[in-house]
Structure formats: C-alpha cells, structure tokens
1. Just one of (1) in contact with a Lys or Arg (Cβ under 7 Å, 6 or more places away or on another chain); (2) assigned to a loop (DSSP other than H, G, I, E, B); (3) open to solvent by less than 20 Å² (accessible area, probe 1.4 Å) trips up H261, so point out which.
2. Take the conditions without any contact (Cβ under 8 Å) to a residue 24 or more places away in the chain and within 15 Å of the ligand (Cβ to nearest atom) and apply them to I102. Does it pass?
3. Restricting to the range 105-117, name every residue that is within 12 Å of the ligand (Cβ to nearest atom) and of a type outside the set (A, V, I, L, M, F, W, C).
4. Residues in the range 73-92 that are crowded, with 22+ Cβ neighbours inside 10 Å and within 18 Å of the chain's Cα centre (by Cα): how many?
5. Have a look at D56, D49, D25 and point out the one that is within 21 Å of G211 (Cβ to Cβ), surrounded by fewer than 20 Cβ atoms within 10 Å (Cβ to Cβ) and modelled with pLDDT of 95 or more.
6. Which one of G244, G213 is more than 21 Å from F153 (Cβ to Cβ), open to solvent by less than 10 Å² (accessible area, probe 1.4 Å) and within 12 Å of the ligand (Cβ to nearest atom)?
7. When you go through (1) assigned to a strand (DSSP E or B); (2) open to solvent by 30 Å² or more (accessible area, probe 1.4 Å); (3) among the polar types (S, T, N, Q) one by one for Q9, which number turns out not to apply?
8. Look through K277, K318, K369, K376 and report the one residue that is in the same structural domain as L60 (by TED's automatic domain parsing) and of a type in the set (K, R).
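The values are calculated or read from the model by the stated rules, or taken from the named source; none is laboratory data. As the structure is a computational prediction, the values presented were derived from the model and not from experiment. Here Cβ is always computed from backbone atoms with ideal geometry, including for glycine, and neighbour counts include all displayed protein chains. Side chains are part of the model used for accessible areas, which takes the heavy atoms of the whole protein and leaves out ligands, DNA and RNA. Shrake-Rupley method; radii C 1.70, N 1.55, O 1.52, S 1.80 Å.
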Amino acid sequence: MSYLFPNYQRKKLEFIKGSKNMLTDHNGKNYLDFTSGIGVMNLGYNDPDLNQVLADQTILLWHTPNLYQNHLQEQVAQKLAKGKDYVGYFCNSGAEANEAAIKLARKATGKRKIITFTNSFHGRTYGAMSATGQESIHAGFEPLVPDFIYLPFNQIEPLKEELDQDTAAVMLELIQGEGGVIPADEQWIQDVQSLCREFGALLIIDEIQTGIGRTGAFYAYEHYQIEPDIFTLAKGLGNGIPVGAMLGKSNLGDAFGQGSHGSTFGGNKLAMSVANKVIDRINQSAFLEDVQNKSEQLFSGLDQLAKRSSLIQAVRGKGLMIGIQLFDQNSLNQVSEQLEAEGLLTLKAGQTVLRLLPPLTITNEEMAKGLTILEKVLNKEKEHD
Ligand SMILES: Cc1ncc(COP(=O)(O)O)c(C=O)c1O
C-alpha cells in the first residue's frame, strides 16, 4: 500500500542519482534523459557550478520573509527584464506564477474576461486550472473561476469576435507544451498582440515551459517580435530548485501595491541564488546559438526518421522542445516504453505526441545516441505493421 494519493501515474522506476544528461535508477541502469524532469533541468544534473552556488547560500542564509530587502530578488528580476521595462514577482511554481498574472491582469484593467485557448495548459490551482483549456483537467472540480473563455488556437476570426472592451487579458503559450507541442503561427501572434493593444487587453505569455533558453532564445517571445504585457516563468529558472516568476510592465505596478498579493517562500534566497546563476549561464549568445545548432541536428535526424517510419505523422517544435506526432495512442504508449527499456527517457504530450525536452547541455554524441535509439524503436514498430 502507498501512503500517497494516487493522483500521479507513476512508473515503477526510481532514479537515485543524476550526472550531466544521464540518470541512474535503483538497479544501477543508466538512462539518457530527453525529458529534463519535464523541462526543468535545462543545465542537466549535478552541475558543479550550481551545486557550489547552492552550497554557498545554504551556509550563508536559507530564508528571510518578504518583509525585508532581498538583493538577490532585485538582481534576478533585473536580469529577467533584459533591459526592458519589466518588474518581477517571485513565487514557487508555474501555477502560482500564472495565478499572479491572472490576478494582476484583472486588478490592473478592472475587467474580468480572460481569453485562453483550447489544449492549453497553465497549471492546477483554481485560477491556473480555469485558464487551462482542457475539459479533462476541469472535470469534477467545477465551479471554475468565472469569466474564462476558451478559443481555438491559431485562429484569428474567433478572437476577433470575442475580444472586446471588456477583455482583461489574452493568455497563451507560444508552443503549447502539454497540449501536444503545438507552435503558434507567427502572423497569428502578431495579430493577437495588435487586437490586445486595440482593445486595451493585456497580453500574457506563459513561458513556463518555453522560457529560459528551451527554444533557442532566452524567451520564446523573442522569436515572435512581440512584447508581452505580462509573462510567467518557472521550470528551468531554478534547474530543479522550486521557483516561479511573473514579470509585468512597470506601469502595472500600482495594481500590485502593498498587501495585494504575496507568498511566504516566494523569492527564497536558496531559489534566487540558483536562478541568478542559471540566468547568467543560459542568457549568453554563445550558449543560445549552441542550443539552436543542436536543435538543427536533432530536427534533421528526426525529419529523416519521419520519412522512413510509418508511425510518425509529423515532427514539430522549436529549439530543444520537440514533438513527434504519432498516428495513435497505442503506438505512443508502446514506443515510450520501448525507448525507456533501451535507456532513453522521453515524455508524452496530448494523446499521440512523443515529446522530447533534452537538457540544453546535451552533447552531440548524446543526441546521436538518442537518435539511434529512436530509430531502432520507431523502425522496429514499422516492421510490426
Ligand atoms: C505552460 C505551462 N504553464 C504552467 C505549468 C504549471 O507549472 P507547475 O507545474 O510548476 O505549477 C506548466 C507545467 O507543465 C506548463 O507547462
């Protein structure tokens, strides 16, 4: 019997240590990790630099409440603003970052309606769940937070009909992650931003999965030449230390005045010391170019494989956020189990998408090894057809 709620579908595996881009299970078997702990371990496991920063801060001071100055929060927020007019709020997870964004948008605009998109995923707390456009995630938890409207992703006409003077915000992921690695069309995003500006609605970009270098730019929104009013971060920001952040244009600051919102642990010194280092490491043009080069290598291998494999319908994504769309759910389950047996860890997204989120530190040799395993498993399936 387990003393845990059965809310997660857990595999029998347990990992007991990690090094760089590899994990080791309780039997001593090594796995190449193409998951990054669901987009978290962007700098891999057991990174000496991050270990040192965390160890140093552990000895100095773990926690002080947000009743006092915190120069680390100031530093991290300044770095996250990247020279633009953003100010930050820190919390402990992606859902919390989105809660903050939703609350800020409503308070700052004095409006209630928030438009999000079908297949989106924004988290499991009430506000973030209500923003999530997936009925299966809402089921049994109604009533949801009111005034969320779900529209089809990548379609402008329904948005033109719905977005009006009463709209507080439009909230979206630039690549829907959990929903199946579905990238937003560039023109659509430009149009969404223009409509938001026209009607005074705020544009909230959820960068929780796409941010911190994952797509080959520090923020995915940089690929789209847009400037969100609010964006949210978590996952890769702490490389495994729980942290979330909401960044918003400084003119929204009045709406988040003293006492309006908060979190005991948010911006904790341990989390901030690590986030500070993570940003310094990833927000370097050489590092991000390297991610783009690796991405090209991986996509070119996968595109070749897709041509040969009758299981693969499409390959899509950006940077090291990659979805391999298979034809059916059964193949997805079989393929992911076989990959695991071969020593390659992957993720699922949507109903039929094999999702790859390798650490950004993955080496060329490891990518080649991953491709060989993918080839073996996906082609083996083809022979069984
Ligand atoms: C785009 C996006 N937003 C929000 C979340 C929720 O983050 P957390 O699980 O840290 O609450 C996730 C998690 O998968 C996500 O991918």
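1. With respect to (1) in contact with a Lys or Arg (Cβ under 7 Å, 6 or more places away or on another chain); (2) assigned to a loop (DSSP other than H, G, I, E, B); (3) open to solvent by less than 20 Å² (accessible area, probe 1.4 Å), H261 is out only on (3).
2. Working: without any contact (Cβ under 8 Å) to a residue 24 or more places away in the chain: no; within 15 Å of the ligand (Cβ to nearest atom): yes.
In short, no.
3. Filtering the range 105-117 for residues within 12 Å of the ligand (Cβ to nearest atom) gives 116-117.
T116 - this is the single residue of the range 105-117 that is within 12 Å of the ligand (Cβ to nearest atom) and of a type outside the set (A, V, I, L, M, F, W, C).
4. Going through the range 73-92 one residue at a time, the tally reaches 4.
5. On the way: D56 fails: within 21 Å of G211 (Cβ to Cβ); D25 fails: within 21 Å of G211 (Cβ to Cβ).
Answer to the selection: D49.
6. Values: G213 fails: within 12 Å of the ligand (Cβ to nearest atom).
Every option except G244 fails the conditions.
7. All conditions pass for Q9, except number (1).
8. Values: K318 fails: in the same structural domain as L60 (by TED's automatic domain parsing); K369 fails: in the same structural domain as L60 (by TED's automatic domain parsing); K376 fails: in the same structural domain as L60 (by TED's automatic domain parsing).
Among K277, K318, K369, K376, only K277 is in the same structural domain as L60 (by TED's automatic domain parsing) and of a type in the set (K, R).
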